[in-house]
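The structure under discussion appears below in the form of structure tokens.
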Amino acid sequence: MTSADTPYDKGSEVRGIFEKIAGYYDRMNFVMTLGRHAQWCREVAARVAPAEGGQLVDLATGTGVIALEMARRYPDATVTGVDFSAEMLRRAKSKPGADAVCWRQADAMSLPFEDESFDGITQGYLLRNVADLDGVLREQFRVLKPGGRIAILETCPPSGLMKPVMRWGIRFVVPLLGQIVARDRKSYTYLESSTLAFASPEHVAGVLRGIGFRHVKWRKKFFGTNVILWATKPR
Ligand SMILES: C[S@@+](CC[C@H](N)C(=O)[O-])C[C@H]1O[C@@H](n2cnc3c(N)ncnc32)[C@H](O)[C@@H]1O
């Protein structure tokens, strides 16, 4: 492995991109998903379904959409939103309801939490941004309590009959929208390439099972371009 392949090198490159796009991230997400992103975040929040109260964390929280939804949905729980981008967190903290969430700047590869701290863990679009998929999920297994749930929103490489059409759409439309909406084709070319190169839900599910998660399930969204996976840490 060269130094360029280490998770931390990928991390600093990815962090730079997200620092840069924070100001128009929500707008671009709305356009690219035709407004569906908020609905998927609600489903992710619902999938962790903790017992009353408890400790919940949203990793790669970005502008905080999932964390804020959990704080709204589970008012008796303590919700923490974690991201390594200061600019993304600044946007999250300025949103209505942000006072109900504890915001922490940290790297999901090395979480500043004790073992078995959380009853539920969520994340939107974290996995394809890290070089070590197994490592980032193991770290989540470590901080999750036995019986706790994990819920993941991710992009999904196209498959099946629609694959050529969807590949074409992602390859050309995403950078074009980046150019038109955000005047930043380069950052959204990264999004396009990381989506097409990312693992299938079957592969992610296999990694989750290999780590020890059980009851692994998933549901594809938006012509198979996005996926929600969820799983439980055994008691
Ligand atoms: C595409 S945004 C997703 C934001 C939010 N979860 C959502 O669904 O809208 C990805 C976020 O992951 C964060 N991120 C990527 N790698 C990370 C890491 N290793 N540790 C912490 N945050 C990370 C980025 O800073 C960015 O805010």
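Would you mind finding the one in Pro158, Pro175, Pro146, Pro164 that is within 16 Å of the ligand (Cβ to nearest atom) and over 15 Å from the mean Cα position of the chain (by Cα)?
Pro175
Taking only pairs six or more apart or across chains, which ones have beta-carbon atoms under 7 Å, a first residue in region 132-155 that is within 15 Å of Gly206 (Cβ to Cβ), and a second residue that is in a helix (DSSP H, G or I) and among the charged types (D, E, K, R)?
Every condition considered, the pairs that remain are Glu154/Arg128.
Restricting to strands (runs of 3 or more DSSP E) lying wholly in region 44-137: which have 3 or more residues that are over 20 Å from Val227 (Cα atoms)?
Once the strands (runs of 3 or more DSSP E) in region 44-137 are filtered for at least 3 residues that are over 20 Å from Val227 (Cα atoms), what remains is 78-83, 101-105.
So which residues in region 94-110 are closer than 19 Å to Arg27 by Cβ and either within 13 Å of the ligand (Cβ to nearest atom) or among the aliphatic types (A, V, I, L, M) (or both)?
The answer is Lys95, Ala98.
Based on what the data block shows, is Tyr8 modelled with pLDDT under 95, buried (at least 18 other Cβ atoms within 10 Å of the Cβ) and within 11 Å of the ligand (Cβ to nearest atom)?
Here the answer is no, as Tyr8 does not meet what is asked.
With respect to Ala98, determine if the residue is more than 19 Å from Phe18 (Cα to Cα), surrounded by fewer than 19 Cβ atoms within 10 Å (Cβ to Cβ) and aliphatic (A, V, I, L, M).
It is true that Ala98 is more than 19 Å from Phe18 (Cα to Cα), surrounded by fewer than 19 Cβ atoms within 10 Å (Cβ to Cβ) and aliphatic (A, V, I, L, M).
Looking at (1) outside any helix (DSSP H, G or I); (2) within 13 Å of the chain's Cα centre (by Cα); (3) within 12 Å of the ligand (Cβ to nearest atom), which one does Gln140 not meet, given that it meets all the others?
Failed condition: (1).
Considering region 201-235 alone, what residues qualify as being of a type in the set (Gly, Ala, Ser) and surrounded by 15 or more Cβ atoms within 10 Å (Cβ to Cβ)?
Ala205, Gly224, Ala231
May I ask you to say which residue of Ala22, Ala49 is away from the ligand (no atom under 12 Å from the Cβ), touching a residue at least 12 places away in the same chain (Cβ under 8 Å) and of a type in the set (A, V, I, L, M)?
Every option except Ala49 fails the conditions.
Can you tell which of Arg42, Arg36 is surrounded by fewer than 17 Cβ atoms within 10 Å (Cβ to Cβ), in contact (Cβ under 8 Å) with a residue 24 or more places away in the chain and within 25 Å of Ser187 (Cβ to Cβ)?
Arg36
Please determine whether any residue of region 53-68 is over 14 Å from the mean Cα position of the chain (by Cα), among the acidic types (Asp, Glu) and either near the ligand (Cβ under 10 Å from one of its atoms) or closer than 25 Å to Met109 by Cβ (or both).
No, that holds for no residue.
Quick one: how many residues across region 156-166 are free of Cβ contacts under 8 Å to residues at least 60 places away in the same chain and buried (at least 17 other Cβ atoms within 10 Å of the Cβ)?
2
The values are calculated or read from the model by the stated rules, or taken from the named source; none is laboratory data. On a predicted model such as this, the values are computed, not experimentally measured, just so you know. We place every Cβ from the backbone using ideal geometry, glycine too, and count neighbours over all the protein chains shown.
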